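Structure, as structure tokens:
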Amino acid sequence: MMFSSPREMPSPSSIFSAYASMTASIMLLRSMAQELIPQPIRGYLFNTFRYLIKPRSPTLTLIIEESTGITRNQVYDAAESYLSTRVTPENERLKISKVPKEKKLTIRLEKGEKLTDTYNGLTLKWRFICAETEKNSANDIHNSNNSISVRSEKRYFELSFHKKYKEIVLDSYLPFILDKAKEMKDEERVLKMHTLNTAYCYSSVKWDSINLEHPSTFETLAMEPEMKNAIIEDLNMFVKRKDFYRKVGRAWKRGYLLYGPPGTGKSSLIAAMANYLKFDIFDLQLGNIVRDSDLRKLLLATANRSILVIEDIDCSVDLPERRHGEGRKQTDIQAHLDSDGWMQLTLSGLLNFIDGLWSSCGDERIIIFTTNHKERLDPALLRPGRMDMHIHMSYCSYEGFKILASNYLEISHDNNPFFGEIEGLIEDIQITPAQVAEELMKSEDADATLEGFVKLLKRKKMEGDVCENSNKRENQEKECKKRKVSCKQKRGGGNSKSNVGVTQRRTRGIIKRGSSL
């Protein structure tokens, strides 16, 4: 019985021949494609083919950076606060800190740490990334030979989840995080004092902050009750009129000018306003600002519900005057440029943020200028709409003294015999609240302290009388000198006329005698 033989395997030569024929065909097709199909179309076809065969991931990742351009990202700040409450034992590295007046520890994720959160049955994965980047400073634009390599830190969160939950995450989960972070901030509200980071010009613009622990309040402020009530009413009206400012088309901000001699309580008033409104303070020292662009970045980095303070505006920095129209010469422009060709800090740049287009970038902000010499300020700063309320911080009055005596000595005017004598003296003497407070701190014995304060007032009154009498004497002596000079001029003028007459008579006599000869 004959069986059919199994199928014979192809020989190596036939395999090589088939491979060579296929390779030649592919090369021929490739050559024809390069000749007939343009390069853009070939690239498009290749990318399409690669996209079709590439395995698709069902995961979507959102990048939440610390800042968006020149302003902070609110979602980043909210996520940082919210994730501190979602820490689990699976986390291996955490940053722990605590500052005075905070109730509990502050927990933050360390770079590279991951965290899994759940929301309405959804699983969401967070990761905190902190990467260092190296870039050249702005000087490289003008002088490539003097470029400075600067390292900056870029921080952001990665939020990953299934693509089909995109709408839920964007419309529900992220708004939930923003609201939750706001509640946490309101519950643990600690006022902050922000100051400029000294290294801001070498990296991104940042503010450093510490807790504001100034105890000043309107109850402890040595100020006339009428002025104090007027300031409180103005603040209350400001924070309640958001819809009004929007309706009339104005930025929701308020400007105050505090002026008066040193030691009259300008800084204490600022702290009292911050404690009353629960607003953070941003202390801006213009002497540390180089250019208008730096100022704009700093001001945009301030938070809403904050007080921006520029102290001693008349002497903090020499702001170039504004020039308009054809009056702005090229020499003036060159004079305001720094060594790198950037426009320096100008008064126009400051005014533009106070009431220009940039003033609308933020809500519920208060801007405060302080000065010891109001008359030295540029009139442009005092224009209505920039400094809405001018508050004169004057010398201590009797009402202010009673508040200070209650604060430092815990006594009132009802049962102390020194108050009547002090009332009669202090109104005629220029003494600042700081000087009064210094005297009231010298002893814990209230009577001994008040007795010493009365002696100080009497001494100042006597010195004032002596100065006044000496001024009177000097004025009288000046008047006497003026009268003596006037009298001498009159007497000297009469003698000169008589001498001239005598000379003329003598001359005429000589002429007559000569003619007779």
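Conditions (1) loosely packed, with under 15 Cβ neighbours inside 10 Å; (2) in contact with an Asp or Glu (Cβ under 7 Å, 6 or more places away or on another chain); (3) among the hydroxyl-bearing types (Ser, Thr, Tyr), marked per residue:
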residue	(1), (2), (3)
Thr85	yes, no, yes
Arg93	yes, yes, no
Glu102	yes, yes, no
Arg108	no, yes, no
Thr118	yes, no, yes
Ala131	yes, no, no
If a residue has to be over 26 Å from Pro58 (Cα atoms) and in contact with a helix residue (DSSP H, G or I) (Cβ under 8 Å, 6 or more places away or on another chain) to count, how many in the stretch 103-129 make the cut?
2
Residue list for the stretch 7-57, restricted to those being open to solvent by less than 100 Å² (accessible area, probe 1.4 Å), outside any helix (DSSP H, G or I) and not hydrophobic (A, V, I, L, M, F, W, C)
Pro10, Ser11, Pro38, Ser57
Which residue out of Ala20, Ala78 is hydrophobic (A, V, I, L, M, F, W, C) and more than 30 Å from Asn211 (Cβ to Cβ)?
Ala20
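Looking only at residues in the stretch 424-447 that are assigned to a helix (DSSP H, G or I) and more than 41 Å from the chain's Cα centre (by Cα), which one is surrounded by the most Cβ atoms within 10 Å (Cβ to Cβ)?
Taking the stretch 424-447 first, the residues assigned to a helix (DSSP H, G or I) are 424-426, 433-440, 446-447.
Then drop every residue that is not more than 41 Å from the chain's Cα centre (by Cα), which leaves 424-425, 446-447.
Working: Gly424: 12, Leu425: 18, Ala446: 16, Asp447: 13.
So the residue we want is Leu425.
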May I ask you to verify whether Gly69 is without any contact (Cβ under 8 Å) to a residue 24 or more places away in the chain, open to solvent by less than 50 Å² (accessible area, probe 1.4 Å) and within 38 Å of the chain's Cα centre (by Cα)?
no
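Mind telling me which of the residues Ala78, Ala33 ends up being at pLDDT 80 or above and either within 37 Å of the chain's Cα centre (by Cα) or over 30 Å from Gly112 (Cβ atoms) (or both)? Reasoning before the result, please.
Working: Ala33 fails: at pLDDT 80 or above.
Going through Ala78, Ala33 in turn, just one is at pLDDT 80 or above and either within 37 Å of the chain's Cα centre (by Cα) or over 30 Å from Gly112 (Cβ atoms) (or both): Ala78.
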Scan the stretch 359-371 and tell me whether some residue there is of a type outside the set (Val, Ile, Thr), buried (at least 16 other Cβ atoms within 10 Å of the Cβ) and part of a helix (DSSP H, G or I).
yes
Can you tell me how many residues within the stretch 276-292 are of a type in the set (Lys, Arg) and crowded, with 18+ Cβ neighbours inside 10 Å?
1
Residues satisfying the stated conditions in the stretch 408-423, i.e. assigned to a helix (DSSP H, G or I), modelled with pLDDT under 90 and open to solvent by 20 Å² or more (accessible area, probe 1.4 Å)
His413, Asp414, Asn415, Phe418, Gly420, Glu421, Glu423
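So that you can scan it fast, the table gives a plain yes or no per residue for (1) open to solvent by less than 20 Å² (accessible area, probe 1.4 Å); (2) in contact (Cβ under 8 Å) with a residue 24 or more places away in the chain; (3) not in a loop (DSSP other than H, G, I, E, B):
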position: Phe238; (1), (2), (3): yes, yes, yes
position: Asp243; (1), (2), (3): no, no, yes
position: Leu257; (1), (2), (3): yes, yes, yes
position: Thr264; (1), (2), (3): yes, yes, no
position: Leu269; (1), (2), (3): yes, yes, yes
position: Ala272; (1), (2), (3): yes, yes, yes
position: Asp294; (1), (2), (3): yes, yes, yes
Enumeration of residues in the stretch 296-315 that are of a type in the set (Gly, Ala, Ser) and open to solvent by less than 40 Å² (accessible area, probe 1.4 Å):
Ala301, Ser306
In the stretch 387-407, the residues that are hydrophobic (A, V, I, L, M, F, W, C), modelled with pLDDT of 90 or more, part of a loop (DSSP other than H, G, I, E, B) and touching a Gly at 6+ places or on another chain (Cβ under 8 Å):
Met393
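The values are calculated or read from the model by the stated rules, or taken from the named source; none is laboratory data. All values derive from a computational prediction rather than experimental measurement. Cβ sites come from the backbone with ideal geometry, for glycine too, and all protein chains shown count toward neighbours. The accessibility values were calculated without ligands, DNA or RNA, using every heavy atom of the protein model including side chains. Shrake-Rupley method; radii C 1.70, N 1.55, O 1.52, S 1.80 Å.
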